[in-house]
Amino acid sequence: MKLEFYGGAGGVTGSHMVLDGGDFRIGIDAGLFQGGETDQNLAGFGHDPRSLKSLLLTHAHIDHSGRVPLLVKEDFSGSVYSTPATEDLCEIMLKDSAYLMQEAADRENRYRNKGNGPARPLYTEGDVVEALKRFKPIDYGMAQEINGVTVKFLDAGHILGSASIELSIGRKKLITSGDVGRPGAPFLRDPETAKEADWVVIESTYGDKDHGEIADRGKRLLEIVLDTIERGGNIVIPAFAVGRTQEILYELNRYAEKGKLKGVKCFVDSPMAISATEIYRRHPEYFDEETLRLLKVGDSPLEFPGIRYARSKEESMAINDLKEPSIIISASGMCTGGRVLHHLVQNLGRKNSTILFIGYQAEGTLGRRLLNGTKTIKMMNKELDVQARIESLDTFSAHAGRNELLNWLRAFEDFPRTVFLNHGEPYAASSMAEAVRSEFDVELIIPKANESFTLS
Ligand SMILES: [Zn+2]
Ligand SMILES: [Zn+2]
């Protein structure tokens, strides 16, 4: 049996692995490469997609699901297995992905030399619709036989529907962590741990770093909000539509219910975030006890006085005309596009406004440049002096920090023989490797892209 790594190896995006058992080949995730790695999306999967019998999806984030339509377009003929919530989220995320690709191709064709032929999107909405027909739901904890392998999804506590996947092949067991969430995060149950496995693949996004306490983040958020409001500015929060937006609303709801945000309007200005929020509402069966308790006493954490959902363009533009200071939550989370750009143009030059980052800002993005303290920005044909206050709260990360990842490993009663560290920048992975080696007696491997390992 072999385990092949194609993406999410040596970096955090483009997750894609294959388990090859000789008479079956099962894919795990098929994500898009993002940030500086986008060219790799055009380079193919590194193997023949037609050889895959099925695909298992850990969660809906686009760097894990974004190449599923491409797989189907390239004649992969099997089913895609995921939790029901992942399927729901994939519908909006993959359609949005196809839309963005079409938009980028159209933009390029306006300038492109005709001799080179037209730019085409990687896939279209039609390909997405075909891909969505392949989805088959598996709920957490249900063992299901797929191509002779028993597959079980464990709750990874990272975003709604996210899973670690256990694959039992005869008496051997492989567990792949997927993206691991933070214990204590709102809505979601804590990441489920496993007791035994022969081989483990675990992510290492924050393998070099611990986050601050989740319990403290609401207080700091409130301080930033109230301080900015008092100075008469807006708080612009660039947020990923799935996960971060709902978690920030959860924290704001706590204070709104206590009357601490009286008169403050909070706009959610992202059609995808609104759709994702609806999907969160549809799946209370995945919520943790604390969230269920809130719902029981009639407090929906995604609704509070002052919250306004802006779906249409007109509603979005009307936010700019408001005189009173407000909270504006908008995508994309790394300021690489989307409506948040308009709010940045409106607020970057205002001394009393705050831009608050709550998620990972990848190298090469506008978000990263702002975080690094750049003083001038050219965007939407405007030269802007950055006057607004730039803040960041890493306590909102959807990923386990270093010690939380180690705790996930510590939960094994029968420690695996081999641990593969994937889904991390080289520095984070090697720092994590050191920590794992010093604590456990284990064969530790940091796979590179296109490397394959025999599991014996
Ligand atoms: Zn993720
Ligand atoms: Zn990821």
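The values are calculated or read from the model by the stated rules, or taken from the named source; none is laboratory data. This one's a predicted model, so the numbers in the text were calculated from it and none came from an experiment. Glycine gets a Cβ as well: all are built from the backbone with ideal geometry, and neighbour counts include every protein chain shown.
Check Ser438 against each of (1) at pLDDT below 95; (2) loosely packed, with under 15 Cβ neighbours inside 10 Å and name the one condition it does not meet.
Status for Ser438: all satisfied but (1).
Out of the residues in region 51-66 meeting the condition of being more than 13 Å from Ala276 (Cβ to Cβ), in contact with a helix residue (DSSP H, G or I) (Cβ under 7 Å, 6 or more places away or on another chain) and assigned to a loop (DSSP other than H, G, I, E, B), tell me which one is nearest to ligand 2 (Cβ to nearest atom).
The qualifying residue nearest to ligand 2 (Cβ to nearest atom) is Thr58.
With the checklist (1) in contact with a Leu (Cβ under 7 Å, 6 or more places away or on another chain); (2) of a type in the set (A, V, I, L, M); (3) touching a residue at least 40 places away in the same chain (Cβ under 8 Å) in hand, flag the one item Val386 doesn't pass.
Of (1) in contact with a Leu (Cβ under 7 Å, 6 or more places away or on another chain); (2) of a type in the set (A, V, I, L, M); (3) touching a residue at least 40 places away in the same chain (Cβ under 8 Å), only one is false for Val386: (3).
Looking only at region 67-91, filter to residues that are small (Gly, Ala, Ser) and either over 18 Å from Ser164 (Cα atoms) or not assigned by TED's automatic domain parsing to the domain that holds Leu19 (or both); which one of those is farthest from ligand 2 (Cβ to nearest atom)? Write out each step before concluding.
Of all residues in region 67-91, those small (Gly, Ala, Ser) come to 77-79, 82, 85.
With the extra rule that they be either over 18 Å from Ser164 (Cα atoms) or not assigned by TED's automatic domain parsing to the domain that holds Leu19 (or both), the set shrinks to 77-79.
Details: Ser77: 26, Gly78: 23, Ser79: 22 Å.
Looking at the filtered set, the residue picked out is Ser77.
Name every residue in region 21-58 that is of a type outside the set (Ser, Thr, Tyr) and within 16 Å of ligand 1 (Cβ to nearest atom), in order of residue number. Break it down stepwise before answering.
Step one: of region 21-58, the residues of a type outside the set (Ser, Thr, Tyr) are 21-37, 39-50, 52-53, 55-57.
Of everything in region 21-58, those that are of a type outside the set (Ser, Thr, Tyr) and within 16 Å of ligand 1 (Cβ to nearest atom) turn out to be Ile28, Asp29, Ala30, Gly31, Leu32, Phe33, Gln34, Gly35, Glu37, Leu56, Leu57.
Pairs please, first residue from region 392-403 and part of a helix (DSSP H, G or I), second anywhere and β-branched (Val, Ile, Thr), Cβ atoms under 8 Å, 6+ apart in sequence or on different chains.
These pairs meet every condition: Thr395/Ile214; Phe396/Ile248; Phe396/Ile358.
I want to confirm something. Restricting to region 186-216 and keeping residues that are within 21 Å of Ser392 (Cβ to Cβ) and of a type in the set (A, V, I, L, M), which single residue is nearest to ligand 2 (Cβ to nearest atom)?
Ile214
Tell me the residue from Ile146, Ile202, Ile159, Ile169 that is assigned by TED's automatic domain parsing to the domain that holds Leu444, surrounded by 14 or more Cβ atoms within 10 Å (Cβ to Cβ) and closer than 17 Å to Tyr286 by Cα, please.
Details: Ile146 fails: closer than 17 Å to Tyr286 by Cα; Ile202 fails: closer than 17 Å to Tyr286 by Cα; Ile169 fails: closer than 17 Å to Tyr286 by Cα.
None of the others qualify; the one that does is Ile159.
Considering only region 1-47, state which residues are modelled with pLDDT under 95 and of a type in the set (D, E, K, R).
Asp23, Glu37, Asp39
Residue-by-condition table, conditions (1) surrounded by 18 or more Cβ atoms within 10 Å (Cβ to Cβ); (2) under 22 Å from the mean Cα position of the chain (by Cα):
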position	(1), (2)
Gly207	yes, yes
Gly212	no, yes
Leu221	yes, yes
Thr228	yes, no
Gly232	no, no
Ile235	yes, no
Gly243	yes, yes
Leu252	yes, yes
Lys260	no, no
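Filter region 67-101 down to the residues that are among the basic types (Lys, Arg), surrounded by fewer than 23 Cβ atoms within 10 Å (Cβ to Cβ) and part of a loop (DSSP other than H, G, I, E, B) and list them by number.
none
Kindly indicate whether Glu391 is away from ligand 1 (no atom under 16 Å from the Cβ), outside the structural domain of Ile28 (by TED's automatic domain parsing), more than 21 Å from Gly181 (Cα to Cα) and out of contact with any Cys (no Cβ under 9 Å at 6 or more places or on another chain).
Considered against the rule, which asks whether it is away from ligand 1 (no atom under 16 Å from the Cβ), outside the structural domain of Ile28 (by TED's automatic domain parsing), more than 21 Å from Gly181 (Cα to Cα) and out of contact with any Cys (no Cβ under 9 Å at 6 or more places or on another chain), Glu391 comes out as yes.
Given the criterion away from ligand 1 (no atom under 16 Å from the Cβ) and in contact (Cβ under 8 Å) with a residue 24 or more places away in the chain, identify the matching residue among Gln144, Gln102.
On the way: Gln102 fails: in contact (Cβ under 8 Å) with a residue 24 or more places away in the chain.
Checking each option against the conditions leaves just Gln144.
Tally the residues that are closer than 29 Å to Ile248 by Cα, among the small types (Gly, Ala, Ser) and at pLDDT 95 or above, restricting the search to region 168-209. So that I can check it myself, show each step before the final result.
Kept after step one, since they are closer than 29 Å to Ile248 by Cα, are these residues of region 168-209: 176-193, 202-209.
Cutting the leftovers down to among the small types (Gly, Ala, Ser) gives us 177-178, 181, 184-185, 204, 207.
Filter once more, keeping what is at pLDDT 95 or above: 177-178, 181, 204, 207.
The qualifying residues number 5.
Which residues, taken from region 410-435, are outside any strand (DSSP E or B) and in contact with a helix residue (DSSP H, G or I) (Cβ under 7 Å, 6 or more places away or on another chain)? So that I can check it myself, show each step before the final result.
Taking region 410-435 as the starting set, the residues that turn out to be outside any strand (DSSP E or B) are 410-413, 415-417, 423-435.
Once the filter is applied, which keeps residues that are outside any strand (DSSP E or B) and in contact with a helix residue (DSSP H, G or I) (Cβ under 7 Å, 6 or more places away or on another chain), region 410-435 yields Gly424, Met432, Ala435.
Yes or no: Leu94 at pLDDT 95 or above, hydrophobic (A, V, I, L, M, F, W, C), in the same structural domain as Gly21 (by TED's automatic domain parsing) and more than 19 Å from Phe45 (Cα to Cα)?
On the way: at pLDDT 95 or above: yes; hydrophobic (A, V, I, L, M, F, W, C): yes; in the same structural domain as Gly21 (by TED's automatic domain parsing): yes; more than 19 Å from Phe45 (Cα to Cα): no.
It is false that Leu94 is at pLDDT 95 or above, hydrophobic (A, V, I, L, M, F, W, C), in the same structural domain as Gly21 (by TED's automatic domain parsing) and more than 19 Å from Phe45 (Cα to Cα).
May I ask you to verify whether Ala310 is surrounded by 15 or more Cβ atoms within 10 Å (Cβ to Cβ) and hydrophobic (A, V, I, L, M, F, W, C)?
Values: surrounded by 15 or more Cβ atoms within 10 Å (Cβ to Cβ): yes; hydrophobic (A, V, I, L, M, F, W, C): yes.
When the stated conditions are applied, Ala310 passes them.
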